[in-house]
């Protein structure tokens, strides 16, 4: 049985910590909710200082939260209805691969959009489009013994604020970001004139998910155990140590002294499965302190550091790097939807 929580608007922190808490407690759950206040969420594998204009966010008193789900940085507010599904890894409906998981479990979301008149389609790896533009962002993660799917119905969107919170080199580039967002992202308000009521969307999605996940048991409000765990997690996940975990690892790994035969290499490459940022030392033509970050997804999350460690000491040779990546990904059962071993090796080229 899966607990079903229709919560409508909640304090922003609970729009992230309830599903994290359910996963850490091993509680199957479906949350449908909206954050009462705006905030910024960054992906698990991103570097906060690389992605977000933290000074602007602080000046606006806009919280920045690092989730345990991959993907990119996004501005979130009450104009987005979140769906957050938490299931045990052994649930019989779960496909073996993450690409199949997205396709299967996002179909009820696509069908819900269509039910209300928006001609949605699924586009691998994990996007939902209407008329060629993204209308829903989705991600998945393994947290403990649970699998989590998170996504949203975008009722309306603050394009200006999204482009403002991102870290960019200059204002001209920021203007390009704004125009790109407007050209590639749409909303239910834009498509339908007036978006459906959030509760109607939630009820329709729950109805369509039930045949996949099993019986949904409506719960009026989070139980004391879930609430306590959410509060406990917020204390740790709102700390600077958590927010800057990836940034600090990059600084430690890549801060090599520049001298004869020692270099630091940095690259940013957009792959089908997401943007990849590379920072690494190159000492006597061999890699050291490899650090990868970005808005990609990797399962399990610990696989990223295993890949980084496996590259340490290798020559800067794309063929050698590809062979090593392929070997470790097979040995450790690492999945990166939309990113093949040869794609990742190419970042080093």
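The condition (being free of Cβ contacts under 8 Å to residues at least 40 places away in the same chain and more than 15 Å from residue 82 (Cα to Cα)) is satisfied by just one residue among 129, 94: 129. Taking the criterion of being out of contact with any strand residue (DSSP E or B) (no Cβ under 6 Å at 6 or more places or on another chain) and either surrounded by fewer than 24 Cβ atoms within 10 Å (Cβ to Cβ) or more than 28 Å from residue 217 (Cβ to Cβ) (or both), the residues of the range 4-19 that qualify are 8, 11, 13, 14.
Conditions tested, residue by residue: (1) free of Cβ contacts under 8 Å to residues at least 12 places away in the same chain; (2) in contact with a strand residue (DSSP E or B) (Cβ under 6 Å, 6 or more places away or on another chain).
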{"site": "138", "(1), (2)": "no, yes"}
{"site": "141", "(1), (2)": "no, yes"}
{"site": "156", "(1), (2)": "no, no"}
{"site": "161", "(1), (2)": "no, yes"}
{"site": "176", "(1), (2)": "yes, no"}
{"site": "179", "(1), (2)": "yes, no"}
{"site": "199", "(1), (2)": "no, no"}
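To keep it simple, each residue is scored yes or no on (1) modelled with pLDDT of 95 or more; (2) over 23 Å from the mean Cα position of the chain (by Cα); (3) farther than 25 Å from residue 27 by Cα.
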| position | (1), (2), (3) |
| --- | --- |
| 193 | yes, yes, yes |
| 207 | yes, yes, no |
| 238 | yes, no, no |
| 243 | yes, no, yes |
| 251 | no, no, yes |
| 255 | no, yes, yes |
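Scanning the range 309-332 for residues that are in contact (Cβ under 8 Å) with a residue 24 or more places away in the chain and under 25 Å from residue 142 (Cα atoms) yields 311, 329, 332.
Of the residues making up the range 1-11, just one is in a loop (DSSP other than H, G, I, E, B) and over 21 Å from the mean Cα position of the chain (by Cα), namely 1. Screening residue 59 on (1) touching a residue at least 24 places away in the same chain (Cβ under 8 Å); (2) over 16 Å from residue 238 (Cα atoms) shows it passes everything except condition (1).
Select from the range 183-207 the residues that are assigned to a helix (DSSP H, G or I) and surrounded by 16 or more Cβ atoms within 10 Å (Cβ to Cβ) and list them in ascending order. Within the range 183-207, 188, 190, 191, 198, 201, 202, 204, 205, 206 qualify. All of (1) surrounded by 13 or more Cβ atoms within 10 Å (Cβ to Cβ); (2) in a helix (DSSP H, G or I) hold for residue 152 with one exception: (2). Filtered by the rule that a residue be at pLDDT 95 or above and either assigned to a strand (DSSP E or B) or surrounded by fewer than 18 Cβ atoms within 10 Å (Cβ to Cβ) (or both), the range 108-126 gives 111, 114, 115, 116, 117, 119, 120, 121, 122, 123.
The combined condition, being assigned to a helix (DSSP H, G or I), more than 21 Å from residue 206 (Cα to Cα) and in contact (Cβ under 8 Å) with a residue 24 or more places away in the chain, is fulfilled by residue 99.
A single member of 333, 310 is outside any strand (DSSP E or B) and over 24 Å from residue 124 (Cα atoms), and it is 310.
For the range 12-89, the helices (runs of 4 or more DSSP H) that sit wholly inside it and include 3 or more residues that are out of contact with any helix residue (DSSP H, G or I) (no Cβ under 8 Å at 6 or more places or on another chain) and not assigned by TED's automatic domain parsing to the domain that holds residue 276 are 14-25, 54-59. When restricted to residues that are over 25 Å from residue 195 (Cα atoms) and within 14 Å of the chain's Cα centre (by Cα), the range 101-148 contains 7. If you take the residues of the range 282-299 that are at pLDDT below 95 and assigned to a loop (DSSP other than H, G, I, E, B), which of them is farthest from residue 74 (Cα to Cα)? Only one residue fits best here, namely 284.
The values are calculated or read from the model by the stated rules, or taken from the named source; none is laboratory data. None of these values were measured; they are calculated from a predicted model. Neighbour counts run over all protein chains shown; Cβ positions are idealised from the backbone, glycine included.
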